[in-house]
Structures are given as structure tokens and as C-alpha cells.
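One structure is given here, and the rest of the page talks about it.
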Ligand code: PLP
């Protein structure tokens, strides 16, 4: 494989869905926050100054989703926002929890921790939660909290939220949407991602996935309402989340969202699509492009920056290591916190069987350069050709499960 430049060169970073590089406006907001002396809860002048910045950020975040400022509960990130939703909108109200099969561990873990009755909503071959099945699940039984992500972190696949929200509304179920990967990347106002569709849903967002820094997030409620907190603490966030808010990180998050919304994502989608075409020509399968097995056309809406590539017969771990040596930072389908690469539960839920362990995720960051994507494409093709020359070649095709 041809490295992008010399061995000592900085790796090409193509793992934005793990964390986005810091955006310039977020850096500026962060520095402004770091200059604050006061705690937003203090009544003296420095405290009031910090408070004013925090409240301005709250208003901006709420407005970005068509809501009132008091609907925003700041948290330490997406995991905490998801956990707070499961706790305060699910467990506390005796609701069973219905989780999309490809939801993030933040939600699966929260449901386990709260010991709430949990049911899994299956997804189709493209990874979209099944609205018809949801209707059946909500047809009887106790009240429910339905958790469906706006877009998947591994495949980028966008959920049919318009249908799901309508079904929840009809059945009187509470909808929680994990928007950690979608916020800023998915055009706000599109069919499944707009204020009207989501008017009764809670949303989880995370600063570092938009180009802010780690340690900031929010649960955005449909409207101002009291919540039983996970962390009672000193009653901050109107009693809904105790603990001193991470002001600099929260300011960075709100700035990052605005910058991210203004980004030309078409350009990034164009680079992703070219890369996809090269990888497919080299024998890769693409997870999440179509709900029809074997279909050759991309029919599913995905995040503009995300590409899940399966190289049949080659473990994700091997691909990851070879690409890392070649100077490219991508991720395997799923890496647990210990860094060990495992088979991807997301691709398993989509029906990929053994191939769920043969995927890598390429997620282009906001500042990616066309030359970097081209260099990665070349390295990927060389790797695929070399590895696949050593094994009987399965037939290639977009989204087709060769069973290899
Ligand atoms: N939800 C999704 C879809 C994610 O991709 C992630 C992080 O990867 C999280 C939640 C957790 O967010 P955070 O890292 O801010 O805790």
C-alpha cells in the first residue's frame, strides 16, 4: 500500500463519527468560555456573566431545533442525554422501552441499568427501524418510550422518523431520538428531520460529534417540563441535572452546531460517493445502501460523510491494522472501549451474519481534503486486491450478501 506520505507523517483522519476535529468557531467559543471566572450558579458579577453566556447558548441550541430555551437540559454528552431520557421519560413513568435494534450502546446500556422492560424493534436490510412492526408493538401493552436514532453511527443510515413519530403520536407513546450523529450533518428541514415531525420527541445531542469538544451534550425536550434527574446534585438545570455545567465545552458545542449546519455537505457526500464507487469496484460491499438485498443502487438516505465497507472474508481488525500502518485512521464496524475490535452488532441486526466482523467505517471529517480521500481510496483498493488475491473471490456488489 502506498502511504499518503512518509511514515512520520500525521495520519489521515477519517473517523469523524468517533469524534470530529475542533471547528474554528468552536475553538473561539471555547476560549471565550475559558476566560470566564465565574460559576454560572454564583450571584456575583462574574457568575452572572457566565450565566448570561450559558443562557444565550441554551437559547441558540433550542432555537436551532425550533424550541424554547427551557426545553434544553445540558449534559456531559450524548451518553448522559440518552441515559437521562431512558430514566426520566421511561423508567420513572413506568414505561417499557422500545429500542431500535441498531441503537447505540448508550441506550442499550441505559435500559439495562434502569432495569426497564425492553423490547427490540427490528431493522430492515438497510438498517432502518421497521415502522409497521412498531405499530404492532404499540398496539397493546403498557405505555412506551420509543428510542430511535436519527442516523446510525456506523452506516449513516437515516431512520424513517416521519412515519415513526406519527405512529408514536397515534399510540400515545413518547419518542426519544438519538440525534448525536445527525445533528449538524443532516439538513434540518428534510423529510424525516424537521421541527414538525419531531415536535413531541426528545433529542440527544453531543458536542464533540459536531466539532466541539468532548464533555458537552444536551437532552432537548419537546417543551419545558420537570424531570426526575439522574444526578440531583445542587439542582442546576432547573433541578433536571445537577452539577456545574461545563460552560466552555457547552459554548463550543453550540458554535459547532451552527458551523456544521452551514457546511457544504454535498461536497463531502461527493467525495464519499467517489470513494464508495472505487471500493465497490475493488470487491467491497456497502452496508446500508438499500433495503433490497442485492439491489445495486443507493436508495437509502445516509449521512453525507459516512461509509460502511465490508470486505468479504477479511476481518475488520486486519483491515484496520493495515490501513493504520498505511497512515489512515478509520474505525472497524464496532470497537469497544477497550479498543478490541468485535463483530458489529449494527451489521448483525441488519442481517450480515459473519460479514458483520468484516467491516470498516470511513467517516469523513468536516475538514477533509479531496486528496486525502483519493489517497485513502488508493490504499483501500491496493489492500483489497492484495488480500482478496489470497482467497477465492466471492461475487461483488453493492449491499449484496455473498455469504463469504
Ligand atoms: N449515540 C450515538 C449514535 C453515538 O454515535 C454516540 C457516540 O459515539 C453516542 C450516542 C454517545 O455520545 P457521547 O460520546 O457524547 O457520550
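The values are calculated or read from the model by the stated rules, or taken from the named source; none is laboratory data. Model, not experiment: these values are computed from the prediction. Here the Cβ is made from the backbone with ideal geometry for all residues, glycine too, and neighbour counts use every protein chain on show.
Below is a table of values for the structure above.
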{"quantity": "Enumeration of residues in segment 92-110 that are more than 8 Å from the ligand (Cβ to nearest atom) and buried (at least 22 other Cβ atoms within 10 Å of the Cβ)", "calculated": "97, 98, 99, 100, 102, 110"}
{"quantity": "Qualifying residue in segment 44-53 (condition: more than 16 Å from the ligand (Cβ to nearest atom), modelled with pLDDT of 95 or more, assigned to a loop (DSSP other than H, G, I, E, B) and in contact with a strand residue (DSSP E or B) (Cβ under 6 Å, 6 or more places away or on another chain))", "calculated": "no"}
{"quantity": "Hey, residue 88 in a helix (DSSP H, G or I), within 16 Å of the ligand (Cβ to nearest atom), at pLDDT 95 or above and within 26 Å of the chain's Cα centre (by Cα) or not", "calculated": "no"}
{"quantity": "Residues of segment 68-83 satisfying the condition of being in a helix (DSSP H, G or I) and either within 12 Å of the ligand (Cβ to nearest atom) or more than 22 Å from residue 172 (Cβ to Cβ) (or both)", "calculated": "69, 70, 78, 79, 80, 81, 82, 83"}
{"quantity": "Test for residue 34: is it in contact (Cβ under 8 Å) with a residue 40 or more places away in the chain and crowded, with 20+ Cβ neighbours inside 10 Å", "calculated": "no"}
{"quantity": "Positions within segment 344-361 being in contact (Cβ under 8 Å) with a residue 60 or more places away in the chain, under 11 Å from residue 319 (Cβ atoms) and touching a helix residue (DSSP H, G or I) at 6+ places or on another chain (Cβ under 8 Å), in sequence order", "calculated": "359"}
{"quantity": "Matching residues, segment 162-190, being part of a loop (DSSP other than H, G, I, E, B), away from the ligand (no atom under 12 Å from the Cβ), under 29 Å from residue 19 (Cβ atoms) and in contact with a strand residue (DSSP E or B) (Cβ under 9 Å, 6 or more places away or on another chain)", "calculated": "184, 186, 187"}
{"quantity": "Positions within segment 204-247 being within 16 Å of the ligand (Cβ to nearest atom) and part of a helix (DSSP H, G or I), in sequence order", "calculated": "207, 208, 209"}
{"quantity": "Residue match in segment 130-147 (condition: under 25 Å from residue 185 (Cα atoms) and within 11 Å of the ligand (Cβ to nearest atom))", "calculated": "yes"}
{"quantity": "Residue in segment 13-31 that is at pLDDT 95 or above, touching a strand residue (DSSP E or B) at 6+ places or on another chain (Cβ under 9 Å), part of a strand (DSSP E or B) and within 16 Å of the ligand (Cβ to nearest atom) present", "calculated": "yes"}
{"quantity": "Per-region count, segment 212-232, residues more than 29 Å from residue 18 (Cβ to Cβ) and surrounded by fewer than 16 Cβ atoms within 10 Å (Cβ to Cβ)", "calculated": "6"}
{"quantity": "Qualifying residue in segment 119-127 (condition: within 11 Å of the ligand (Cβ to nearest atom) and buried (at least 24 other Cβ atoms within 10 Å of the Cβ))", "calculated": "no"}
{"quantity": "Scan of segment 360-383 for residues that are surrounded by 24 or more Cβ atoms within 10 Å (Cβ to Cβ) and touching a strand residue (DSSP E or B) at 6+ places or on another chain (Cβ under 7 Å), ordered by number", "calculated": "360, 361, 362, 363, 376"}
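Per-residue answers, yes or no, for (1) in contact with a helix residue (DSSP H, G or I) (Cβ under 9 Å, 6 or more places away or on another chain); (2) more than 19 Å from residue 80 (Cβ to Cβ):
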position	(1), (2)
110	yes, no
119	yes, yes
126	no, yes
135	yes, yes
146	yes, yes
